[in-house]
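The values are calculated or read from the model by the stated rules, or taken from the named source; none is laboratory data. Small disclaimer: the values here were computed from a predicted structure and weren't measured. For neighbour counting, all protein chains shown are included, and Cβ atoms are generated from backbone atoms with ideal geometry for every residue, glycine included. Keep in mind that these areas ignore ligands, DNA and RNA; they rest on the heavy atoms of the full protein, side chains included. Shrake-Rupley method; radii C 1.70, N 1.55, O 1.52, S 1.80 Å.
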Amino acid sequence: MVGYDPGNREAALSSHEVALAGSAAGMVTRALVSPFDVIKIRFQLQIEGLSSERREGRYWGLFQASRRIHTEEGLSAFWKGHLPAQLLSVCFGAVQFASFECMTEVVHKMTPYDSQTAGVHFVCGGLAACSATVVCQPLDTLRTRFAAQGEPKVYRNLRHAVSTMCRAEGVLTFYRGLSPTLVAVFPYAGLQFFFYKVFKNFLDPQPKTGNSGGNLRSLICGSGAGMISKTMTYPFDLFKKRLQVGGFEEARVHFGQVRSYRSMADCMVQIAKEEGVRGFFKGLSPSLVKAALSTGLTFFWYEFFLNTMRDLKQRQRANGLTKDAKER
């Protein structure tokens, strides 16, 4: 069960165990959804239109982009930036879920609100994601740079990317796009947790205490929650990606037109003028596929690992009690 469960105190997990479950869920999910993330980022950074009827840019459709990337850059291109992306997923999953479980416990114990209500999950989920974002933003910027570069590569490896960016752009460059990220991540993550709880309550109004996840229901509820929350907050994700590749224009030239943005407001105005309202939703199709898979798999694996650790603790406790009884 996601969130503090007052009815399952005997098998309650420590914050370290929760962080481990969140990290493991993020790691497994990232490996599976990386290709969709690479395609989404390529779409988001393309200035030209994405219409298949007016083929102005390098990419104009999900399948066309997949074929072109595979032909020009090879299969490994779909996992470009996978190392920083994995570090991001492991770190983000650990901080987000540990913070979420801690916050829901505090809310349940120190306020009149129930920790298992959808409203509490919205607020705690949003705050937990904000804390994880601040911690992990440098890894997200590195992931975006690696996924955005083509051939020849500007950055040879993670160490080269960090040293080059620090030297050429300064340390603050790792926090490019932080403001639109924080603006977007609170409602995005909050809505994920909110709709996940709503869907779980709808499909299973009376779940068994402490053992309601790691199954098909978790996958379905997470997928639905991910698609709804992503659609509602998508433009901010696009602004973040455009800002994160600022100062990285030389690697983007052969992909098409490039633009520089002074701030989030400037980014919004330029996109609206040049690309229209549809420009705010470039890359939405692969992003929705990725959001459905990513959120669904994250909740699936998170609850799976939580239940596995709880079962182990209960077995150890039962074995200990049996041993004590025999010694007596």
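A few comments on the model shown:
- Rounded to the nearest 10 degrees, the angle from helix 82-110 to the longest Cα principal axis of the chain is 40 degrees.
- Positive-end residue, the chain charge dipole about Cα centroid, Cβ charges, pick of Ser76, Ala19, Ser223: Ser76
- Cα long-axis angle, helix 264-275 against the chain (0 to 90 degrees, to the nearest 10): 60
- Translational diffusion coefficient (Stokes-Einstein; Kirkwood radius from C-alpha pairs) of segment 72-120 at 25 °C, 0.890 mPa s, in µm²/s: 182
- Each of Thr29, Thr71, Thr298 has its accessible area taken with a 1.4 Å probe; listed largest first, they run Thr71, Thr298, Thr29.
- Note on Glu274: accessible area approximately 90 square angstrom, rounded to 10, probe 1.4 Å, nucleic acids and ligands left out.
- Helix 284-327 axis, angle to the chain major axis (alpha carbon atoms, nearest 10°): 20
- Low-density loop positions, trypsin sites (Lys or Arg not before Pro), segment 83-162 - DSSP coil, at most 11 other Cβ in 10 Å: Arg156
- Net charge contributed by nearby residues that have their C-beta within less than 10 Å of Leu88 (K/R +1, D/E -1): +1
- Accessible area per residue for the chain, computed on protein heavy atoms with a 1.4 Å probe, is 47 Å².
- Radius of gyration and Dmax over the Cα atoms of segment 265-315, both given in Å: 19.9, 62
- Cross-link table Lys200/Lys240; Lys109/Lys200; Lys240/Lys290; Lys197/Lys230; Lys241/Lys290, entries beyond 27 Å C-alpha to C-alpha: Lys200/Lys240
- Residue-level accessible surface for Met309, protein heavy atoms, 1.4 Å, Å²: 30
- Convex hull volume of the Cα atoms of segment 25-166, normalised per residue: 142 Å³.
- Rg and Dmax of segment 48-100, based on Cα coordinates, read 16.5, 47 Å.
- Building the convex hull from the alpha-carbon atoms of segment 1-91 and averaging its projection over directions returns 8.2 nm².
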